Amino acid sequence: GQQLNQSPQSMFIQEGEDVSMNCTSSSIFNTWLWYKQDPGEGPVLLIALYKAGELTSNGRLTAQFGITRKDSFLNISASIPSDVGIYFCAGHPIQGAQKLVFGQGTRLTINP
Amino acid sequence: DAGVIQSPRHEVTEMGQEVTLRCKPISGHNSLFWYRQTMMRGLELLIYFNNNVPIDDSGMPEDRFSAKMPNASFSTLKIQPSEPRDSAVYFCASRPPAAYEMKLFFGSGTQLSVL
């Protein structure tokens with residue numbers, strides 16, 4: 001089946017630093033979503049992207065739908081302790097019926 | 001607004017026992033998805049429903065797994081008999097009716113441990 005390559009798998013940063021992560025696919029997607037999962041909870045939707053080149057912000061989070069439609073990026077500026085968690089990208093392939101494909105996640109750890 | 005509600009939050013059972021997981025989707029959402037999450041395989045789609053009808057169950061691991069959605073506000077995922085390899089976190093998610101919107105809203109999950 002289709003797969004997303006999400007990187008990095010984990011990040012260890014200092015509080016206040018900026019964070020960047022991305023997802024790539026071998027096929028074209030028409031929707032990209034970014035989720036965050038806290039321990040013991042389900043993924044929570046952060047940002048949804050629907051057009052190639054689209055750049056959308058949600059507070060300190062900014063995500064972009066890649067021009068090629070095969071990738072997406074998430075940036076977090078000025079990280080704070082509550083940003084700790086696992087971030088997942090998810091994409092809806094052109095031929096994907098109504099199913100999302102999820103990345104393997106990026107685990108973010110912040111040193112105070 | 002209430003989100004997706006799952007019960008129980010935690011389930012510990014012995015191998016061979018029947019397990020039933022429950023989900024109440026967000027009111028007004030017409031699609032419901034069951035996912036399983038493990039460290040090794042990440043988030044796996046098991047089955048999804050549109051308007052209470054199962055559309056794709058190709059992710060259901062084997063015949064021991066079954067899912068129902070008798071009405072728009074309730075779904076169950078049943079494992080019978082359960083096995084230790086079924087231990088995972090099971091998530092239910094729902095989606096609003098807008099065709100272009102693929103936004104899934106997840107519940108808090110059921111942590112299943114089969115001993």
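The values are calculated or read from the model by the stated rules, or taken from the named source; none is laboratory data. Keep in mind the model is a prediction, meaning the values are calculated, not measured. Cβ coordinates were reconstructed from backbone atoms using ideal geometry, including for glycine residues, and neighbour counts include every protein chain displayed. The area values use the complete protein model at the heavy-atom level, side chains included, leaving out ligands, DNA and RNA. Shrake-Rupley method; radii C 1.70, N 1.55, O 1.52, S 1.80 Å.
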For region B:76-95, how many residues meet the condition of being over 12 Å from B:Phe33 (Cα atoms) and within 14 Å of chain A (Cβ to nearest Cβ)? 2
Determine if region B:33-40 includes at least one residue that is loosely packed, with under 15 Cβ neighbours inside 10 Å, under 22 Å from B:Pro8 (Cβ atoms) and within 14 Å of another protein chain (Cβ to nearest Cβ). yes
Residues in region A:12-22: is at least one in contact with a Gly (Cβ under 7 Å, 6 or more places away or on another chain) and among the polar types (S, T, N, Q)? no
Assuming A:Phe65 fulfils every condition listed in (1) within 14 Å of chain B (Cβ to nearest Cβ); (2) open to solvent by 60 Å² or more (accessible area, probe 1.4 Å); (3) more than 30 Å from B:Ser7 (Cα to Cα); (4) of a type outside the set (Gly, Ala, Ser) apart from one, which condition is it? (2)
Residue set A:Ile80, A:Ile76; condition touching an Asp or Glu at 6+ places or on another chain (Cβ under 9 Å), over 27 Å from B:Asp56 (Cβ atoms) and open to solvent by less than 10 Å² (accessible area, probe 1.4 Å); output residue A:Ile76
Please count how many residues of region A:70-112 are outside any strand (DSSP E or B), within 12 Å of chain B (Cβ to nearest Cβ) and closer than 18 Å to A:Ser20 by Cβ. 3
Of the listed residues (B:Arg64, B:Arg9, B:Arg22), the one being more than 22 Å from A:Gly91 (Cα to Cα), touching a strand residue (DSSP E or B) at 6+ places or on another chain (Cβ under 9 Å), away from chain A (no Cβ under 12 Å) and open to solvent by 80 Å² or more (accessible area, probe 1.4 Å) is B:Arg22
Scope region B:90-115; condition buried (at least 19 other Cβ atoms within 10 Å of the Cβ) and either within 11 Å of the chain's Cα centre (by Cα) or free of Cβ contacts under 8 Å to residues at least 40 places away in the same chain (or both); matching residues: B:Tyr90, B:Phe91, B:Cys92, B:Ala93, B:Ser94, B:Met102, B:Phe106, B:Gly107, B:Gly109, B:Thr110
Out of region A:1-56, which residues are open to solvent by 70 Å² or more (accessible area, probe 1.4 Å), more than 13 Å from chain B (Cβ to nearest Cβ), part of a strand (DSSP E or B) and touching a residue at least 60 places away in the same chain (Cβ under 8 Å)? A:Phe12, A:Gln14
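Would you point out which residue out of B:Gly59, B:Gly109, B:Gly16 is within 30 Å of A:Lys51 (Cβ to Cβ) and small (Gly, Ala, Ser)?
Details: B:Gly109 fails: within 30 Å of A:Lys51 (Cβ to Cβ); B:Gly16 fails: within 30 Å of A:Lys51 (Cβ to Cβ).
Every option except B:Gly59 fails the conditions.
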Can you give me the number of residues within region A:57-69 that are among the β-branched types (Val, Ile, Thr) and part of a strand (DSSP E or B)? 1
